[in-house]
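Please read the structure below before turning to the comments.
The values are calculated or read from the model by the stated rules, or taken from the named source; none is laboratory data. No experiment lies behind these values; they were computed from the predicted model shown. Every residue, glycine among them, receives a Cβ derived from its backbone with ideal geometry; neighbour counts consider all protein chains shown. Keep in mind that these areas ignore ligands, DNA and RNA; they rest on the heavy atoms of the full protein, side chains included. Shrake-Rupley method; radii C 1.70, N 1.55, O 1.52, S 1.80 Å.
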Amino acid sequence: MEPSIENLTASLQKHAQIFDELLSLIPPKFYLPEDGDKKTVNKRFMKNTKKDTADKQKDAERKTRAAAKAERLDPDNFKTVQDLQSKKLEQEN
């Protein structure tokens, strides 16, 4: 014997009403953000934030090292010993 559509609808409405009553027992400050300028979020809910910032720092360092290496190995910036000595003499004078 299958339940009728009216019985299912009534059962769903009863469960929805009970669920709404349970939600009304929880203060909204626990599940709604506060109105205000401050965005205070409990740190325990912010997973992997240290890992993300560390990854960003490592990526930035990696890029700067790669740029420095490319600058150092660039053939247009290659200077001979004679060029460096003449530049040093010019700075001394």
√(5λ) per eigenvalue of the Cα gyration tensor, the range 49-89, largest first, Å: 36, 10, 4
Among (1) 2, 10, 22, 22, 21, 17, 5, 0; (2) 3, 13, 21, 19, 14, 10, 7, 6, 4, 2, 1, 0; (3) 2, 9, 7, 8, 7, 7, 7, 6, 6, 6, 5, 6, 4, 4, 3, 3, 3, 2, 2, 2, 1, 0, only one was calculated for this model; which label is it, if the read-out is P(r) over Cα pairs in 5 Å bins from 0, in percent? (3)
Return the whole-Å distance between the Cα centroid of the range 39-93 and the Cα centroid of the range 15-29. 55
Solvent-accessible surface (1.4 angstrom probe) belonging to LEU84, in square angstrom, nearest 10: 90
Once you have the Cα-Cα distance between GLN57 and LEU25, take 0.36 nm times their residue separation minus that, and quote the gain in nm to one decimal. 7.0 nm
What distance in nm lies between label points placed 7 Å from Cα along the C-beta direction at ALA16 and MET46? 3.9
For the chain, give the percent of accessible area contributed by carbon and sulfur heavy atoms, probe 1.4 Å, rounded to a whole number. 56
Per residue accessible area of the chain, 1.4 Å probe, in Å²: 106
What distance in nm lies between label points placed 7 Å from Cα along the C-beta direction at ASN93 and ASP74? 2.8
